[in-house]
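Take a look at the structure set out below.
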Amino acid sequence: MAIATKATDTTAISVEWAISELFNNPRVLKKAQEEVDIVTRKERLVCEEDGPNLPYIHAIIKETMRLHPPIPMIMRKGMEDCVVDGNMILKGSMVCVNIWAMARDPKIWENPLEFRPERFLENKDIDMKGHQFELLPFGSGRRGCPGMPLALRQLPTVIGALVQCFEWKMLDSECKILDQGKKIDMDERPGLTAPRANDLICIPVARLNPLTFLQL
């Protein structure tokens, strides 16, 4: 139960960040909608089985996880003396891995603050399973997040359905609709997880006829 709850919580944070980034980057949103429409032919709701056919949706998820890892730091304890990048790490030392900072390091990522999912289509070898240290949203190894398989199954379907079914109008703190072209803030609330500092207030506007999905 605890694993399912935590996986659901961090998945919700990631979905919220993804929608935030898509609103601020309409080019990416349009491209995602086009991909889902091609796969579903606008005849049905996107489903879990469509995942392998949605590479751009997966790239959006990776880019969201890169910029907004649900758990920004992970702690590890040294099991033996070792040297890392010329620094002696003594046995028993607590080591903090700053995933958030790594994702914004220009030595690792080109234009790190830019939301550009295409970077993961250009380099398809980078996954989120802890095999590459530049992208560790779920940690790595035996101590990696046990909810990772659940999140990786949920996210493509959830985000795919949200971009397929709706356009989005964002509201400011006074519940006024933001003018077209104006971006929402992307401030984070520091803590063990990294949700948005301010609530994401939005109005979903149907972009497809919902009756299409109700036909049996």
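Any read-out appearing in this document is the output of simple, stated calculations on the displayed coordinates, not a laboratory observation. Since we're looking at a predicted model, the values are computed, not measured. All Cβ positions, glycine included, derive from the backbone under ideal geometry; neighbour counts span all protein chains shown.
In what order do 115, 133 fall by count of nearby beta-carbon atoms within 10 Å, going from fewest to most? Spell out each step's value before the answer.
Working: 115 20, 133 11.
With the fewest neighbours first, 115, 133 line up as 133, 115.
Averaging sequence separations of C-alpha pairs under 8 Å and six or more residues apart, then dividing by the length of the chain, give the relative contact order as a whole percent. Spell out each step's value before the answer.
Values: 297 pairs, mean separation 59.4, N = 216.
This gives 27 percent for the chain.
Would you compute the Debye intensity of the stretch 10-79 from its alpha-carbon atoms alone, equal scatterers and no solvent, and pass along log10 I(q)/I(0) at q = 0.26 Å⁻¹ to two decimals?
Debye curve over Cα of the stretch 10-79, log10 I(q)/I(0) at q = 0.26 Å⁻¹: -1.22.
If each residue's Cβ is checked for other Cβ atoms within 10 Å, how do 96, 202, 82 rank with the fewest at the top?
Numbers: 96 9, 202 18, 82 13.
With the fewest neighbours first, 96, 202, 82 line up as 96, 82, 202.
Using alpha carbons only, how many angstrom separate the centre of the stretch 147-164 from the centre of the stretch 25-95?
About 11 Å separates the Cα centre of the stretch 147-164 from the one of the stretch 25-95.
For the pair residue 198/residue 41, report the inter-label distance in nm, with labels modelled 7 Å from Cα in the Cβ direction.
Taking the two extended label points, one gets 4.4 nm.
Could you list 169, 176 so that the one with the fewest beta carbons within 10 Å of its beta carbon is first and the one with the most is last?
Details: 169 14, 176 10.
Listed from fewest to most nearby Cβ atoms, that is 176, 169.
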